[in-house]
Amino acid sequence: MKHWTPVVFLAFLWTQVFAAYSNSEMKTLVKNSGSGYIRLSEANYKKHLYGHRDYDVVLFMTSQAPQLNCVLCREYTPAFEAVAQLYSHTFPEGVSTGRDLYFLYADFLDAKSLFLAMGLDLIPKLYYMEATPESTSDDDFNKQNNPYPFYQGDFVELTNQWVYTMTGHRIEVYTPPDYSKMVFNAIATFAVVFAFKRFRTQIFAILKSNYVWGIGTIILVLLFISGQMFTQIRSVPFMYEKKEGVEVFATNAQMQYGVETQIVSTMYGLMGIVFLVLANRVSSIKNAKVQFMAVTIVSVLLYLLYSIFLSIFNIKYRGYPYMLLDLGVA
Amino acid sequence: MTPSNGLHVETVRVLLRVVIFLSIAGAAISLRLFSVIRFESIIHEFDPWFNYRATKYLVLHSFYEFLNWFDERTWYPLGRVTGGTLYPGLMVTSGAIWHVMREWLRLPVDIRNICVLLAPAFSGVTAVFTYLLTKEMKDGSAGLLAALFMGIAPGYISRSVAGSYDNEAIAITLLMATFYLWIKAMKVGSIFYGALTALSYFYMVSAWGGYVFITNLIPLHVFVLLLMGRYSPRLYTAYTTWYALGTLASMQIPFVGFLPIRSNDHMAGLGVFGLIQLVALGAYVRSNVPSAQFKSFFAVSIVLVVSLGVLGLFALTAAGWIAPWTGRFYSLWDTNYAKIHIPIIASVSEHQPTPWPAIFFDTNMLAWLFPVGLYYCFQELRDEHLFIIIYGLFSAYFAGVMVRLILTLTPVMCVAGAIALSKLFDAYMDITDLFKSSGSAQASSAADSSSETEKKSSKRSSSKKGFPLFQLLTKAIVLSSFVYYLAYFVMHCTWVTSNAYSSPSVVLPSRNPDGSPAIIDDYREAYYWLRMNTPEDAKVMAWWDYGYQIGGMADRTTLVDNNTWNNTHIATVGKAMASSEEVSYEILKQHDVDYVLVIFGGILGYSGDDINKFLWMVRIAEGIWPNEVRERDFFTDKGEYKVDSEATEAMRNSLMYKMSYYRFTDMHNGREAVDRVRSQVIPSDRKITLDTVEEAYTTQNWIVRIYKVKDLDNLGRDLQSAGKSERQESAAALGKRTRNAKKPDLDLRV
């Protein structure tokens, strides 16, 4: 029996080095994080996941990186943060019955090897991993993972429901009073009232100015007809980064990026301005030769602008047969 | 010159205008006939089939029977109070035309042809009203341009090609008519025009749910005018006449009923009606008391009115007198709301936001002329220009939020674009004074009217010497470039109409192996099979997309259709499709279903089939039975939607999967059975068996497959075990027959 002692001792040391954090350590870590969840990195993910754990974890594998362009990640992350926050608010000192639960957050860029170790080819993933017994070897951490089904719906509510079915911990939903917003609103109201009192005549002049209304309306209309609402509702990325470079125009007529709205509305605006110059300014030039020159220049400019615009449209709409001037873009 | 000469010019002008109008109407109508020429005179898509069926009911019965129509052939077993839940304007219009043609003109026209050609005919009328509206904004030449644009802009054509017999077909005409009459009423301040506006508004309400747009736009216009201090007795007359008459009239439509005084969508009209009374009172008081007293009177009444109004609104909503925001309306503001809470709205692709190519596709050069037109409106800013600005801004927003609302944006784009373009043409088109002043020596004897002599004297200094080459070239450059753009516009419109908007989607175009055009007519093949081979009271279950078509073409009772008024019923059908045979059979029997119809595109590569819509069925069913149907079960572990050997258990056992792929592998004779929509191989080793339904009919290209629901077993077994024993028996019989075949009787017969 005696000669076993060093082995046991070594084994004990071994587990001490590689075993995961203990429950109390996790508790302080979460408390210190302030956000209700712990961010994993290359350095610490093993300490959080590998080996024996006496607590459950919810692991969120995601990425905010623009080059991965994960739309669902972007949509879902606020829900994860909210649920983690709500959990730590519901159980600030841990649960009274059952095992404790901790929320872990892994971004692909911070913890690439974790993603490799788990063999993921799709993100986002949300796993519920139960506590592991003493004899768990390092590679086993991924043996029991219960993935969360990403249904469409109110993500926070669905995730809460999922956590409840998995762990039996009912998370209380409450909306924390957003003091910063309240303060901001108060200041804004005060500023508006003050400004109104102080600069009443100027404000009235602006409100009555046809120019202000006109420019505002036209800019709004330009944005609306170039897909501003689409980018807002679908929350599409500003542009798409590929290996070969940046893709500015989505090659699909049903889809567009944020930057397209800006380009297209600018093009519309430019063509409109050139048109106005032609109709209002150039037409009233008295000298016939000067007018001829001006008309030629402006007309050619309009033609070029419209050609560029149509080339862009050709990129979007494959098989569209018309083009003014082939600029070799499409 | 003599007065007779002036009259002559006027006559020529009118004649020219008529000729131009006829050509525009001709172009507008002929552009919409692509589908009739390519296919035949056929009703398109889904909703039009219901309208067509309702129209047929109307012409076969009386008007009152139509209004009281309880349709027991849809939504079985619930039925639908059809007369009270539709907008009758469209059907009444074609019914009236049919009666006029038959009884007055003695033309025996088929009601179907009237329905098919109604939309193109009305597009010609729309052009006229667009002309009149634009004429009120600027002048006749702008009006003609606007009419031309309106006639051929794809944004409007998309909803008004021949065969697209839908409410929008006449609604846009009525929209333009109402707007024109409103502008006229507001300018003239006459009760007559106000009443006409109300009449046209009533017609609009009877035709399309989008009338709410007018109900809010006109009050908004008046509100802005009041804010700008442009109150006038004319405005008061026009608005109060329209509002009082129009609201009363709109309440006569059974489907609308008391909505105009109850729902929040209509409150703007009422609010502005109250406001304009107050403003009128204020104007009266102001004209009778000194300004100092008026100021205090004004302040006190403002506070009083605002607080009373807000309190009243809260009280009414709290008491339940005013309806809360309805779902469809809410989705205008926040489509995310609709996506989460109402899967049925999300599943309709028309409720999607609009990317910019869609708008350019539908309006071409109008997209960049439109803001310029708004600029000109701001420059003049008469009362009627404000209307165009408000209309433009709001419809641009709505069109951005929902693809189908490009339809309401197109008219204002045409008007504003025409205003802009005609400004340019005003500046460059007029070449008469160039020649007049140079040739004034010869024409000096002709003493024209005073205005023309004025013009002449002003121009005389600029071009005294010789032929005005540069002026002519200048005009030529501008005009030719814009004529070029316009020609391109026409080509674009023709191309778009021909390629994107002229498919009836009931018959599909295709090509034979040798390249000659062919037509895939599976839908009608299946519907006529149902019509000819099933009992008249057979109940057909299919996904709701095909409800109207089955009602219209097969004339059989359906469980659900495109009037998606009962979500639970739709979810029931979804559950029957998504569950295993045992569960489904119970649902089928409970609903007396005789036939089940599925759309399958796997043979042909037709992507709009039921397997691709299947997830929506699952989702909608899950909304009602979250414990029995789960979307997750239909995805593999990797989160993929598979139908091949990796398909999930729930997927393989679902009735929809079985009915779609039943005998699919047999068809391929041992070759790989590839589903050509999803490019996945259907495993041939797992034979798909059906116990509760049997295949009744499959069309030529397998697009439509019809199954008959089996009756209860004669021996009282459940159908699964009955089917199992039958299969064993037949396998045994098969074995016996092969044994028999091995020893043929070769003896001579004596």
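Once amide H atoms are built 1.01 Å from N in the peptide plane, which residues 5 or more positions from residue A:103, or in another chain, come under 5 Å H to H?
Here A:38, A:58 satisfy the definition.
From the phi angles alone, apply the Karplus equation (6.51, -1.76, 1.60; θ = phi - 60°) to region B:42-47 and give each ³J(HN,Hα) in whole Hz, x where the residue is Gly or Pro.
9, 6, 8, 6, 10, 3
Once the piece of chain linking residue B:252 and residue B:281 is laid out straight, how much longer is it, given 0.36 nm per residue of separation minus the C-alpha distance between them?
So the extension gain works out to 7.3 nm.
Based on the Cβ-Cβ distance of residue A:211 and residue A:164, what FRET efficiency does E = 1/(1 + (r/R0)^6) give at R0 = 51 Å, to the nearest 0.05? Don't skip to the answer; put the middle values down first.
On the way: r = 58 Å, r/R0 = 1.13.
With a Förster radius of 51 Å, E is 0.30.
For region B:134-284, rounded, prolate or oblate, judged on the Cα gyration tensor with a ≥ b ≥ c (square roots of eigenvalues), a/c < 1.5 rounded, else prolate if a/b > b/c?
Because a/c hits 1.5 or more and a/b fails to exceed b/c, region B:134-284 counts as oblate.
Could you state the orientation-averaged shadow area of the convex hull built on the Cα atoms of chain A, in nm² to one decimal? List each step's numbers first, then the result.
Numbers: hull surface 111.0 nm².
For chain A, averaging the hull's shadow over all directions gives 27.8 nm².
Check residue B:673: other-chain or 5+ apart residues with amide H under 5 Å from its amide H, H built from backbone geometry?
Under 5 Å from the amide H of residue B:673 lie the amide H atoms of B:682, each far enough along the sequence or on another chain.
Taking a ≥ b ≥ c as the square roots of the Cα gyration tensor eigenvalues, with a/c under 1.5 meaning rounded and otherwise prolate when a/b beats b/c, else oblate, which class fits chain B?
Taking the square roots of the gyration eigenvalues as a ≥ b ≥ c, chain B is prolate.
State, to one decimal in nm, how far the label point of residue A:71 lies from the label point of residue B:72, with both points 7 Å from Cα in the Cβ direction.
Spacing of the two 7 Å Cα→Cβ label points: 4.7 nm.
Would you order B:493, B:115 from fewest to most other beta-carbon atoms within 10 Å of each residue's own beta-carbon?
Ascending number of Cβ neighbours within 10 Å: B:493, B:115.
Would you look at the GNM of chain A, springs on alpha carbons closer than 10 Å, and say which of A:147, A:133, A:124 moves the most?
Of the options given, A:133 has the highest mean-square fluctuation.
To the nearest 20 debye, what is the magnitude of the charge dipole of region A:209-316 about its Cα centre, counting +1 on the Cβ of each Lys and Arg and -1 on the Cβ of each Asp and Glu?
It works out to roughly 340 debye.
Quick check: pseudo-label points 7 Å beyond the Cα along Cα→Cβ at residue B:318 and residue B:499, how many nm apart are they?
Reported label-point gap for residue B:318 and residue B:499 is 6.0 nm.
Helix A:258-276 versus the longest principal axis of chain A: what angle, 0 to 90°, nearest 10, using Cα atoms?
Between helix and principal axis, roughly 10 degrees.
With the alpha-carbon atoms as the only input, what is the per residue convex hull volume for the protein assembly as shown in Å³?
Each residue corresponds to 307 Å³ of Cα convex hull volume.
Rounded to the nearest 10 degrees, what's the angle between the helix B:267-286 long axis and the longest principal axis of chain B, both from Cα atoms, 0 to 90?
So the helix axis and the longest Cα principal axis differ by about 20 degrees.
Using a cut-off of 14 Å between beta-carbons, work out the net charge of the residues near residue A:189 (Lys and Arg +1, Asp and Glu -1, residue A:189 not included). Let's see the in-between values first.
Working: positive: A:181, A:197; negative: none.
Around residue A:189, the charge tally is +2.
Calculated FRET efficiency, residue B:632 and residue B:672, Cβ-Cβ r, R0 41 Å, to nearest 0.05?
For R0 = 41 Å, the calculated efficiency reads 0.90.
What's the FRET efficiency of residue B:104 with residue B:22 using the Cβ-Cβ distance as r and R₀ = 25 Å, to the nearest 0.05?
The value I calculate is 0.60.
Below 15 angstrom from the Cβ of residue B:607, what's the summed charge of the other residues (Lys, Arg +1; Asp, Glu -1)?
Computed value for this residue: -2.
Excluding residue A:55 itself, what net charge comes from residues whose Cβ is under 15 Å from its Cβ, given Lys and Arg +1 and Asp and Glu -1?
-2
Can you sort B:47, B:166, B:430 from fewest to most other Cβ atoms within 10 Å of each residue's own Cβ? If you can, show how the numbers build up before the last one.
Values: B:47 19, B:166 22, B:430 11.
Ranked by crowding around the Cβ, least crowded first: B:430, B:47, B:166.
Taking only DSSP H segments of four or more residues, each worth -39500 (n - 2.57), what value at 222 nm results for chain B once the sum is divided by all its residues, to the nearest 500 deg cm²/dmol? List each step's numbers first, then the result.
Numbers: 33 runs with 457 residues, N = 750.
So the helix-based figure for chain B works out to -19500 deg cm²/dmol.
With label points built 7 Å along Cα→Cβ from the Cα atoms of residue B:288 and residue B:306, find their separation and express it in nm.
Each label point is offset 7 Å from its Cα along the Cβ direction, giving 2.6 nm.
Just the isolated ones, please: cysteines in the protein assembly as shown lacking another cysteine beta carbon under 4.7 angstrom.
Those would be B:115, B:377, B:414, B:493, since no other cysteine Cβ in the protein assembly as shown comes under 4.7 Å of theirs.
What shape does region A:176-330 take by its C-alpha gyration tensor, where a ≥ b ≥ c are the square roots of the eigenvalues and a/c under 1.5 counts as rounded, a/b above b/c as prolate, and the rest as oblate? Mind showing how you got there, number by number?
Numbers: a/c = 3.74, a/b = 1.26, b/c = 2.96.
Since a/c reaches 1.5 but b/c is at least a/b, the shape of region A:176-330 is classed as oblate.
Which angle from 0 to 90°, rounded to the nearest 10, does the C-alpha axis of helix B:167-188 make with the longest principal axis of chain B?
Approximately 20 degrees, to the nearest ten.
Using modelled amide H (1.01 Å from N, peptide plane; none on Pro or chain starts), what sits under 5 Å from the amide H of residue A:53, excluding residues fewer than 5 places away?
A:132
By count of other Cβ within 10 Å, fewest leading, how are A:241, B:628 ordered?
Ascending Cβ contact count within 10 Å gives the list B:628, A:241.
Any read-out appearing in this document is the output of simple, stated calculations on the displayed coordinates, not a laboratory observation. Because the structure is predicted, anything quoted here is derived from the model rather than measured. With ideal geometry, Cβ positions are generated from the backbone for all residues, glycine too; neighbour counts draw on all protein chains shown.
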